[in-house]
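Coordinate-derived values only; no laboratory data. All values derive from a computational prediction rather than experimental measurement. Here the Cβ positions follow ideal geometry from the backbone for every residue, glycine too, while neighbour counts run over all protein chains shown.
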Amino acid sequence: MKITENTQNKTDIASYDYSELKTYMDALGQPGYRTQQLYQWMHQKLAAEFDEMSNLPKALREQLSRQCRLSGISPVRVQVSELDGTAKYLFKLHDGNLIESVLMHYRHGSSVCVSSQAGCRMGCAFCASTLDGCVRSLSPSEMLGQVYNIQKLSGCRVSHVVVMGSGEPLDNYDNLLRFLRMLSDENGLNISMRNITVSTCGIVPKILSLADEKLPITLAVSLHAPNDEIRKTLMPVARKYPLAELLEACRTYLKKTNRRITFEYSLVKGVNDAPSCARELSGLLKGMNCHVNLIPVNPIKERNFRQSGQREVLEFKNMLEKYGINATIRREMGRDIQGACGQLRKSCMDNE
Ligand code: SAH
């Protein structure tokens, strides 16, 4: 049996943003400065227990321990790639669900790839996260906990965060926004929104809502096809939001935020990697302030999609550039540790 939400019936205090925490502390009759102390213990010093919070009175620490849950996630397994040091973390949530996150090392710093849901309900054909559907969305503290645990376990200062793990972040919109604000809070890890990327399969109304927030994050949109016909075979979301609507929403997003959009395009042999696809894609994106990230598809054993050859990938990139579209080929990381979306969680659940 899967038990959902709040098994211990305790307040998820680490999901409170600063002003909510202040309200909570006010109700406990605590003076204002305690909010900052408690917030910093949870989100900057990354305390694992209330008892570590040495400048809080013992009675308050005990009261908080009785009423609140501090960390909703605990590490189960870590796999480190021998090829590039990429580390994949499997975490257990307080209700027993499993999620995964990845730590990647780049020249510009260390980046954590965060999951936003346990599973996913978007159904993309090539993606392992979605094979068993979505169990539930993650709370802000469960998303933050991935970054906090990895920073503590690895000893690396996390400088960048990408919400590109399992799940559709815009299907968990309110918690995502809170996560972004708390991650960049000066009383927390203070990670600049400019160093945060959120990836979506293209939920149009939510892209428009996000545009109104005017956050300096980078929005990445999973395109994976230059027309609706091909896109529908790979991504069920394309049936609900056709490309024309999606790109219109992206243009609105660009206008409102002035932030360049990244389009993700996973290349699948014989499906979307023909030169004609590159030409069609260029036409779609012409004149937009954007960047295309080409990802040779990571084959999963449950589906028989194959990766495009190196030559096709390079040709696709050159063709885009010829038409004036910025493009890069994403360096593959952690291939030896089931680096792709949802693979580790899936194999772990299957073996249980
Ligand atoms: N739901 C969001 C974010 C999660 S996936 C989204 O769809 O964007 C992050 C990116 O990895 C997406 O572009 C997704 O389509 C891609 N992806 C998932 N599985 C993949 C695989 N096996 N090979 C290549 N890319 C994959």
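So for the pair Tyr18, Arg251, with labels modelled 7 Å out along Cα→Cβ, what separation do we get in nm?
Using points 7 Å along Cα→Cβ, the separation is 3.8 nm.
Counting other Cβ atoms within 10 Å, keep those with at most 12, restrict to DSSP loop, and tell me which trypsin sites (Lys or Arg not before Pro) in the range 67-149 are left.
Those satisfying the criteria are Arg107.
Determine the alpha carbon to alpha carbon distance for each of Lys152/Lys240; Lys214/Lys301; Lys58/Lys88; Lys240/Lys286; Lys206/Lys286 and list only those over 30 Å.
Checking Cα-Cα distances, Lys152/Lys240; Lys214/Lys301; Lys58/Lys88 exceed 30 Å.
Rounded to the nearest 0.05, what FRET efficiency is calculated for Glu52 and Tyr323 with R0 set to 56 Å and r the Cβ-Cβ distance?
0.50
If you count, for each residue, the other Cβ atoms within 10 Å and average over each peptide, how do 172-179, 148-155 line up from highest to lowest?
The most tightly packed comes first, giving 172-179, 148-155.
Enter the mean projected area of the convex hull around the alpha-carbon atoms of the chain, in nm², rounded to one decimal.
The number I arrive at for the chain is 17.9 nm².
Using r as the Cβ-Cβ distance of Leu28 and Glu82, and R0 as 35 Å, what FRET efficiency do you calculate, to the nearest 0.05?
Once rounded, the FRET efficiency stands at 0.10.
Return the distance in nm (one decimal) between the two label points of a simple spin-label model at Thr233 and Arg331, each offset 7 Å from Cα along Cα→Cβ.
3.3
Give the lysines whose C-alpha is closer than 16 Å to that of Lys92, dropping any in the same chain fewer than 8 places away, or say none.
Candidates past the 8-residue exclusion: Lys2, Lys346.
I want the antiparallel fraction of DSSP beta bridges within the chain, as a percent rounded to 5.
So the antiparallel bridges amount to about 45 percent of the total.
Using θ = phi - 60° and the Karplus relation 6.51 cos²θ - 1.76 cosθ + 1.60, list the HN-Hα couplings for the range 248-257 in order, rounded to whole Hz, with x at every Gly or Pro.
For the range 248-257, the Karplus-derived couplings read 5, 4, 5, 5, 4, 4, 4, 5, 6, 9 Hz, x marking Gly and Pro.
What distance in nm separates the two pseudo spin-label positions at Asp174 and Lys269, each 7 Å out from Cα along the beta-carbon direction?
Distance between the two pseudo-spin positions: 4.6 nm.
Through the Karplus equation 6.51 cos²θ - 1.76 cosθ + 1.60, θ set to phi - 60°, convert the phi angles of the range 186-195 into ³J(HN,Hα) values in whole Hz; use x for Gly and Pro.
Ordered by residue, 3J(HN,Hα) equals 5, 8, x, 6, 6, 7, 4, 4, 5, 9 Hz.
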